[in-house]
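Accompanying notes for the structure given below.
The values are calculated or read from the model by the stated rules, or taken from the named source; none is laboratory data. Remember, it's a predicted structure, so these values are computed and weren't measured experimentally. Each accessible area value is taken on the protein alone, full model and side chains, heavy atoms only, with ligands, DNA and RNA left out. Shrake-Rupley method; radii C 1.70, N 1.55, O 1.52, S 1.80 Å.
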Amino acid sequence: MKIWSDSEVKALFGEVEKTKAQQSSLKKAFIIHAQKFGRKQNSVRNYYYHEVDNLLKDSQRCNRLGIDISVHDKTHFESFDKLAEENLFEEIEKLLAEGLSVRSACLKLSGGDLTLMTRYQNKYQNMKKKLSAENVIPFRQKLLTESDINSLFLGLVKLIKKTALEEEKSKDGQLLKRAFEEIGRKDKQLEELKNKFEMLKLENEALKTDFDKRAAFKSHLDKNRLQKKEGDTKRI
C-alpha cells in the first residue's frame, strides 16, 4: 500500500481524534477526510487501520508526526453498516472473478493489514452463508446488459399502459355509476312532480265543483228574485 504524505496522515488522525472527542462515529471522520482529499471512504478507512499498525511499530515516526497513538485504539473497529457490507461483498466478488482467492482478495482490500484482512474474510464468509441460507442473489453481482435494459424498459412501458387502461376503465365505471345515480334522482323528482300534479288536479276539480255549486246556487237565487219581482209587478 502506498504511504500517504505526512501532512495527510496528520490530517486524518486529527480528524479521527476530533470525531472521537465529539463521541461521533469514525465513519464521519472517514467521510470528511475522503471529501477533503478526493479519496474513497473505504480507502480512507482501510488506510487508517493500516497506518495505526505502522505507527504502533514506529514510535519515532509517531513522535515526529505528533500523533498520540494511545487515542487510536484499533481493538474496536468501526462497525459495518448495510451499505459498507454490500460494497465489501461486491469488491471481494470482483476480485474472485479475476481469479483471486477469498484470502488474497481480503488481503488486497485490507492493504496488507492481517487483522483487517481476517475481519473482511469473516464478514464475507458470514454474508455468503446468510445469502445461501436465504437463497438470495448476491448484491449487484450481475451487471445488466443492453438487452436486459431494453427488456426492462419494454416491460415498464407495458405496465404503464396496462395501468392507464385500468384507470380509464375505472373512470368509465365511476362515470356510469354516477349517471345511473343521477337518473335515479331524476326519476324520483319526476315521481314527486307527478304526485304533486295529481294533487293539484284533485284540488282544481274540487274548486271547480265548489264554483259550479256556488254558480248554480247564485243562479237559483237570481231566478227566485226575478220571479218574485215579476209577481209583485202583476199585483200592482
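Taking into account only those residues within region 1-26 that are of a type in the set (A, V, I, L, M, F, W, C) and assigned to a helix (DSSP H, G or I), which is most open to solvent (accessible area, probe 1.4 Å)?
Ala21
Give Leu56, Leu83, Leu109 a once-over and let me know the one that is open to solvent by 50 Å² or more (accessible area, probe 1.4 Å), closer than 30 Å to Lys129 by Cα and not polar (S, T, N, Q).
Of Leu56, Leu83, Leu109, the one residue that is open to solvent by 50 Å² or more (accessible area, probe 1.4 Å), closer than 30 Å to Lys129 by Cα and not polar (S, T, N, Q) is Leu83.
Give the residues of region 29-53 that are of a type in the set (D, E, K, R) and more than 18 Å from Leu88 (Cα to Cα), sorted by residue number.
If the condition is that a residue be of a type in the set (D, E, K, R) and more than 18 Å from Leu88 (Cα to Cα), then Lys36, Glu51, Asp53 are the ones that fit.
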